1. Quick check on this structure: which one of A:THR96, A:THR38 is of a type outside the set (Phe, Trp, Tyr), out of contact with any Lys or Arg (no Cβ under 8 Å at 6 or more places or on another chain) and closer than 28 Å to B:ARG204 by Cβ?
2. From B:GLU312, B:GLU333, grab the single residue that is at pLDDT 95 or above and out of contact with any Gly (no Cβ under 8 Å at 6 or more places or on another chain).
3. Across segment A:216-226, what is the number of residues that are facing chain B (nearest Cβ under 9 Å) and assigned to a helix (DSSP H, G or I)?
4. Go through the residues of segment A:246-259 one by one and say whether even a single one is free of Cβ contacts under 8 Å to residues at least 40 places away in the same chain, farther than 27 Å from A:PHE112 by Cβ and over 14 Å from the mean Cα position of the chain (by Cα).
5. Which pairs turn up if I take residues in segment B:270-282 that are closer than 22 Å to B:LYS5 by Cα and of a type in the set (Val, Ile, Thr) and look for partners that are modelled with pLDDT of 95 or more and buried (at least 16 other Cβ atoms within 10 Å of the Cβ) with beta carbon separation below 7 Å, at least 6 apart in sequence or on another chain?
6. Is it fair to say A:ASP234 is away from every other protein chain (no Cβ under 14 Å) and at pLDDT below 90?
7. Within segment B:160-175, which residues are in contact (Cβ under 8 Å) with a residue 24 or more places away in the chain and surrounded by fewer than 22 Cβ atoms within 10 Å (Cβ to Cβ)?
There are 2 protein chains.
Amino acid sequence: MSKQKSNLDLVREVDCLFNHRNQKSFRQDPDGAPVDDTVYTWIIRHGGRTVPIGYLVPAVLEELHELPAPLREHVEIDSQSQTVTMMTGVLAEDLTKYLAEVANLWREHRTFSILQTWRDELWPVYNDVGGLVCNIERSAAGLFGVNRYGVHLTGFVRSPESSHGLKIWIPKRSASKSTFPGMLDNTVAGGLMTGEDPFECVVREADEEASLPESLVRNSATLVGTITYVYVTDQRAGGESGLIYPECQWVYDLEIPAAVVPTPKDGEVESFDLCTVEEIRDQLSEGRFKPNCAVVMIDFFIRHGILNRANEPDLKEICRHIHRKLPFPGPHEAIHIQRGH
Amino acid sequence: MSKQKSNLDLVREVDCLFNHRNQKSFRQDPDGAPVDDTVYTWIIRHGGRTVPIGYLVPAVLEELHELPAPLREHVEIDSQSQTVTMMTGVLAEDLTKYLAEVANLWREHRTFSILQTWRDELWPVYNDVGGLVCNIERSAAGLFGVNRYGVHLTGFVRSPESSHGLKIWIPKRSASKSTFPGMLDNTVAGGLMTGEDPFECVVREADEEASLPESLVRNSATLVGTITYVYVTDQRAGGESGLIYPECQWVYDLEIPAAVVPTPKDGEVESFDLCTVEEIRDQLSEGRFKPNCAVVMIDFFIRHGILNRANEPDLKEICRHIHRKLPFPGPHEAIHIQRGH
């Protein structure tokens, strides 16, 4: 059996762009985040400013160079500033159409294996003043290194006889999933499509993934904050490794009555287990959780006082990793939690 | 001739909800802004929190009480907390449809004269985590007291022989406009529809209102910040007076070459004049500008050093009025200007 993972190991696996902070090869991007000097920043020129919106790794840069002329002519690659512009200064619809053409070409030519997981789901890319830059097919988002947005919900049950007075519903991902098959997950999770409201996404996914009643979720699911990190893919994510995913997850807690039992519905989940805090600690240290779901569990433990300064020497470093300033603008900047009335 | 208006008078006309700060009848709303104790706050319950999204004045509250049963049953008016909920916990599409039914009923019955300016333009309402709560017909937005968003651009020409080295293109609004006919305006201005990008809105309006070339605007229009205020309508706005409009305007500067002359196109503008700073100061003090356009001019003067601490004793108070914290969430919270590359 492999080495036990600490909580700091687990958050570092997810917020991994920044682990090389001291390496000489990393530079500051326009927003101050350190990136590898092989990584280019996708920028738009917008309202008289230069706004960074994505990271492009060398494999993608190479393919941009190789695009057929009618597509290539809209790409400007500046090796001096390590920036890329694509069709800058057009309507969101036009850039969306252009990126779809590029992604479709790469998909047909099997240039990137990640595009074989094509979903026909459009994900948004934002500028810094609340406007939409374009939409990108979900499976192609990683190639353009743009911010991704999702929701994660932890369903817990009051259990006075258990440590910390609660147990947590943990699903096991289906063995047939293309990404992280068989790994443990959060009770409910999903990605945010363009125009989708985070709360409505939770309500929908809670039904589809766990058969949780809409009225329960609507009345009791509580937004408790966001987690933000910059993930670099490895082979478990499906598709290419080394792609950069800055991510924001809206995090919800939901107290589930003992009588309500989450049940798989759409085939994404194999089974649900009601686990104690100790069981989850073991599963975490054994590396059994999908990486970003491990981070949501650790955040839950911190918020509920299960992990604290007394028992977790790395607490401050852990918190720094799970609340990163994302390198690109978007609605994660708007959040301000108002609890109660 | 009426009394000359000071710059402070002018910004107070636009940011006018807050002028009664010391009156006993004003209370703190959930977000801390003082509002009249006859004003109710429209709230949504969202992700376990209560989020304020609009102000409802007594005339609108009365009409909500009088709605026919199938519509009335979705409204909850709580006189204790002075809050109103409407169809809370539904999808944005459902709330949008519901509000359209209410507004259409009021329009047919001529309940509010402002609805006679129906525009068939949908304006967005946001929650505090970047999601859309609903869309509202533009002319009905004031009845629900939600944040409104727009863009204003000041087109200036270098003029070494003029004071401060510049002149500014000032349009006169058409005499047939339903709102503020015949008043002076900013070079380009417009309201933001749902999903519209502020910069693209400027590009479009610059063509429609002033025949400015797209390439000039795209390359040279520069976002210089936002102005935010809470306006209360008077009769010049068309429709009811006393409606509350929290507003954010994205503010752009554009240097226009001497050879380019703005020209009316869509009939909204009667004529353009190239004015010196002194002429504009006189027009401002004579109250000839549309109120929120006066504020954009004052903000331009401050940013360009024309108004400063030496010549404007009220500078601090003026800045406070034109950069209000808006009472409701939205993309105005995302802005962070990055100048240069």
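1. A:THR96
2. Only one candidate passes the filter, namely B:GLU312.
3. 3
4. Yes; the residues of segment A:246-259 include at least one that is free of Cβ contacts under 8 Å to residues at least 40 places away in the same chain, farther than 27 Å from A:PHE112 by Cβ and over 14 Å from the mean Cα position of the chain (by Cα).
5. Listed by first residue and then by second, the contacts come to B:THR276/B:SER162; B:THR276/B:LYS167; B:VAL277/B:ILE306; B:ILE280/B:ILE168; B:ILE280/B:ILE170; B:ILE280/B:MET297.
6. Spelling it out, A:ASP234 is indeed away from every other protein chain (no Cβ under 14 Å) and at pLDDT below 90.
7. B:SER162, B:SER163, B:HIS164, B:LEU166, B:LYS172, B:ARG173, B:SER174, B:ALA175
This table checks each residue for (1) closer than 27 Å to A:PRO198 by Cβ; (2) touching a residue at least 60 places away in the same chain (Cβ under 8 Å); (3) part of a helix (DSSP H, G or I).
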{"position": "A:LEU95", "(1), (2), (3)": "yes, no, yes"}
{"position": "A:TYR98", "(1), (2), (3)": "no, no, yes"}
{"position": "A:VAL102", "(1), (2), (3)": "no, no, yes"}
{"position": "A:ILE114", "(1), (2), (3)": "yes, yes, yes"}
{"position": "A:ARG119", "(1), (2), (3)": "yes, no, no"}
{"position": "A:TRP123", "(1), (2), (3)": "yes, yes, no"}
{"position": "A:ASN135", "(1), (2), (3)": "yes, no, no"}
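The values are calculated or read from the model by the stated rules, or taken from the named source; none is laboratory data. What you are looking at is a predicted structure, and each value in this text was computed from that prediction instead of being measured. Cβ atoms come from the backbone with ideal geometry, glycine included; neighbour counts cover every protein chain shown.
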